[in-house]
Amino acid sequence: MSTSILLIHGFPHDHRLWAPQLTAFGPTYNVLAPDLRGFGAGGPVPEVIPMEHYAADMLALIDAQGTEKVVLCGLSMGGYVALAFLDLWPERVSALILCNTRATADTEEGKAVRMEAARNALEKGMAVVARGMVPKMLCEKTRREQPDLTSLVESMMAEQPPAAVAAASRGMAQRPDRTAMLASISVPTLVITGDADELMPLPTSETMVAAIPGARLVVLPNAGHLSNLEAPDAFNATVSGFLSSLPHA
Ligand code: MLT
């Protein structure tokens, strides 16, 4: 059976975030790119969804598939979920790809911003929230040179159900600092970021890589927070090289 790759999207996105990777890796690998609970098609959500609950949903998905182990790949909030998953079920992970993410918890100020973001989603609606988020997601060069991608990202965010966005925002505020677990990661690990990611500045990734035994860092030029969409060819080539280096991949 071919290697399974579980792609976990960020906030406030859905599986469409991974369109270039589904195209590139779908024919060769068993690629899973689910919507996190409430995102995409929607559905009922509690007020708060901790990262561990999304991780449990991911476990249920791979259990249902009869998949023993996955290459776990998460972008930003997807990275928080990936680290929660690895913390809880390390035996189900064969390799790890952390994109544009961090292991640290929110500061008190950051937590207050999350509560405000939850309120904004519910009260102002996602069209307004999405418009404000675009400059944080995509670097200036991407926004200037790739207007179609920019519109696509804005509409994907605008289409997310406000209740799901609010629940995720409150859940992210609760997430623990997972820096201490990094030293115990024993699977091959790749960390990818963009050189123009303002949400997760380079030192964030450098610190993670330094803490994870044997981890490798790749910084993609001309890419912001959504490096897999902004520099898809370089991103896919990096992931492809990593996958080929894995035993049985
Ligand atoms: C994401 O892209 O998932 C978010 O930027 C994560 C966050 O807000 O911490």
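The values are calculated or read from the model by the stated rules, or taken from the named source; none is laboratory data. A quick note: this is a predicted structure, and the numbers were derived from the prediction, not measured. Counting neighbours? That spans all protein chains shown, and the Cβs are built from the backbone with ideal geometry, glycine included. The accessibility values were calculated without ligands, DNA or RNA, using every heavy atom of the protein model including side chains. Shrake-Rupley method; radii C 1.70, N 1.55, O 1.52, S 1.80 Å.
Just the protein heavy atoms count here, and of the accessible area of region 119-249 at 1.4 Å, carbon and sulfur take up 55 percent.
Please report how far the C-alpha centroid of region 15-43 lies from that of region 100-126, rounded to the nearest whole angstrom. A separation of 24 Å, based on Cα centres. In the context of the full set of protein chains, region 1-153 has a per residue accessible area of 43 Å² (1.4 Å probe).
Straight Cα distances below 12 angstrom link Lys69 to the aspartates and glutamates Glu91, with same-chain residues fewer than 8 positions distant left out. Prolate is the label for region 1-127, because the ratio a/c of its alpha-carbon gyration tensor axes (a ≥ b ≥ c) is 1.5 or higher and a/b is greater than b/c. Cα gyration tensor of region 93-245, axes a ≥ b ≥ c as square roots of the eigenvalues: rounded (a/c below 1.5), prolate (a/b > b/c) or oblate? Oblate, since a/c reaches 1.5 and b/c is not below a/b.
Accessible surface computed residue by residue for region 186-249, with neighbouring protein chains in place and a 1.4 Å probe, gives 43 Å² per residue. With K and R counted +1 and D and E -1, the other residues having a Cβ less than 15 Å from that of Arg178 yield a net charge of -2. Per-peptide packing, taken as the mean over residues of other Cβ atoms within 10 Å, places 165-171, 17-23, 82-88 in the sequence 165-171, 82-88, 17-23 from highest down. Accessible surface of region 12-109, 1.4 Å probe: 55 percent of it comes from carbon and sulfur atoms.
The alpha-carbon of Lys111 sits under 28 angstrom from the alpha-carbons of these lysines, leaving out residues fewer than 8 places away in its chain: Lys124, Lys136.
In a DSSP loop and with at most 14 other Cβ atoms within 10 Å, the trypsin sites (Lys or Arg not before Pro) in region 71-153 are Lys124.
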